[in-house]
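Let me begin by handing over the structure; questions about it come next.
Rule-based calculations on the coordinates, nothing more; no lab input. Model, not experiment: these values are computed from the prediction. Cβ atoms come from the backbone with ideal geometry, glycine included; neighbour counts cover every protein chain shown.
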C-alpha cells in the first residue's frame with residue numbers, strides 16, 4: 001500500500017476536539033458516506049457530551065474534513081469509536097494525518113493498544129496502512145424459537161438488576177473479560193438504563209454473574225453475559241441465558257442474537273446448546289500495539 005507523503009499530510013491541520021466544534025462534527029457525520037460509529041450504548045451526541053474521549057479533527061483551511069475519536073482507555077486498551085472522512089476527500093491522506101496525531105496523544109497517555117471493530121467495508125481497506133493487524137473475528141449467532149432446553153439445576157437466584165448492583169457487576173465484567181473486552185462502570189450504568197432486560201445471578205447471597213439484553217422491534221439481542229471466573233462452569237451462565245430467553249418469549253419475541261469472539265469456544269458452546277447458530281454476519285477486529293517501536 002503506498003505511503004502518504006509528508007507534503008500531502010501537511011495540507012491538513014489536525015486539532016483536538018473542543019466543545020465549540022460539536023455542531024460541525026455532527027453535520028459532517030450526518031452528511032458523509034465514509035463513517036464508522038461504534039458507540040455501543042451511546043448516541044453520538046451523548047458520547048460527545050458525556051464520555052471521556054480523545055478525538056482529533058482534520059481541517060482543510062477552515063473546512064472540517066475528518067474526525068477520529070477513541071474511547072477512554074481501560075487497563076491500557078481503547079477502541080476507535082468514531083471515524084468520519086468527508087466525501088471526495090483523499091481518505092488515506094486525511095486518515096493518516098488524523099491517526100498520526102491521535103496515536104501520539106494516546107502514547108503520551110500510556111495507552112498500550114488500540115482496537116477497532118470493523119462493520120464498514122470501506123474502512124478495512126485503510127487500517128493496514130496505519131499498521132493495524134487483524135486480531136480476532138466477532139461472529140453473530142441467531143436463535144429463532146420459543147423452545148427451551150431443560151434449565152440447569154444450580155440453586156442460583158435470578159433477580160432484576162438494582163442501582164446498587166452496578167459496582168458489583170463492574171467487578172464481575174472486568175474480572176471475567178480481558179482487555180479490550182471489559183466495560184467501564186459508566187458504560188455499564190448507561191447500558192442498564194437502556195436495556196430491555198438486565199438480570200443478576202446470586203449464589204450463597206453473593207452476586208456472581210449478570211446478563212444484559214436489548215430489544216429492537218421484534219428481535220432481542222444478548223449484549224452482555226458475564227460470570228465470576230471462580231463460578232464459571234457451574235451452569236450460572238445457562239441460568240441467566242435461560243431466564244433471558246423466557247423473558248423475551250413472554251413478550252412474543254423469539255428472534256434473538258448474540259455476538260461473541262470466534263475464538264471464545266466456551267461461550268459459543270453455551271449459545272449453541274441453547275439453539276443459537278451462526279448467521280454469517282462476521283466483523284473483523286483489528287489492533288495495533290502502541291508499545292512496539294516499529295509502529
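Once segment 6-130 is represented by equal point scatterers at the alpha-carbon sites, with solvent omitted, what log10 I(q)/I(0) does the Debye formula produce at q = 0.17, 0.18 Å⁻¹?
Per q value, in the given order, log10 I(q)/I(0) is -0.84, -0.96.
Given q = 0.12, 0.17, 0.22, 0.25 Å⁻¹, what are the Debye log10 I(q)/I(0) values for segment 72-169, with equal point scatterers placed on the Cα positions and solvent ignored?
Values, matching the q order: -0.67, -0.93, -1.25, -1.44.
Using Cα-only point scatterers and the Debye equation, what is log10 of I(q)/I(0) for segment 140-283 at each q in 0.12, 0.13, 0.16, 0.19 Å⁻¹, rounded to two decimals?
-0.44, -0.53, -0.83, -1.22
Moving on to the next point. Quick one: among 58, 247, 195, which has the greatest mean-square fluctuation in a GNM of the chain with alpha-carbon springs under 10 angstrom?
With Cα springs under 10 Å in the chain, the top fluctuation among 58, 247, 195 is at 247.
Please state, to two decimals, what the Cα-based radius of gyration of segment 255-295 comes to when divided by 2.2 N^0.38 Å (N = residues).
1.67
Considering only 101, 31, 213, give the residue with the highest GNM mean-square fluctuation for the chain, with springs between Cα atoms whenever their separation is below 10 Å.
31
Report, for the chain, the % of DSSP beta bridges that are antiparallel, rounded to 5.
In the chain, DSSP labels about 90 percent of beta bridges as antiparallel.
Oh, and also: Report the FRET efficiency, 1/(1 + (r/R0)^6), for residue 269 and residue 87, where r is their Cβ-Cβ distance and R0 is 41 Å, rounded to 0.05.
In this case the efficiency is close to 0.40.
Related question: Within segment 51-80, find all residues whose amide N lies under 14 Å from a label point positioned 7 Å from the Cα of residue 22 along Cα-to-beta-carbon.
Inside the label zone: 51-52.
If you build a Gaussian network model of the chain, linking Cα atoms that sit under 10 Å apart, which residue out of 251, 221, 242 swings the most?
So, out of 251, 221, 242, the one fluctuating most is 251.
Checking the a/c ratio against 1.5 first, then a/b against b/c, what shape does the Cα gyration tensor give for segment 125-169?
Working: a/c = 3.57, a/b = 1.73, b/c = 2.07.
Oblate, because a/c is 1.5 or more while a/b does not exceed b/c.
Ok, one more. Could you calculate, for the chain, the ratio of the Cα radius of gyration to the Kirkwood radius, expressed as Rg to Rh?
Rounded to two decimals, Rg/Rh equals 1.01.
What per residue convex hull volume, in Å³, comes out for segment 172-246 when only alpha-carbon positions are used? Mind dumping the intermediate values first?
On the way: hull volume 7.2 nm³, N = 75.
Looking at segment 172-246, the number lands at 97 Å³ per residue.
What translational diffusion coefficient, to the nearest whole µm²/s, does segment 59-106 have by Stokes-Einstein, given a Kirkwood radius computed over alpha-carbon pairs, a temperature of 37 °C and 0.692 mPa s viscosity? Please report the intermediate quantities before stating the final value.
On the way: Rh = 11.6 Å.
Calculated translational D: 283 µm²/s.
Turning to a different aspect of this structure: Based on DSSP H runs of at least 4 residues, each adding -39500 (n - 2.57), what is the mean residue ellipticity at 222 nm of the chain after dividing by all its residues, to the nearest 500 deg cm²/dmol?
-8500 deg cm²/dmol
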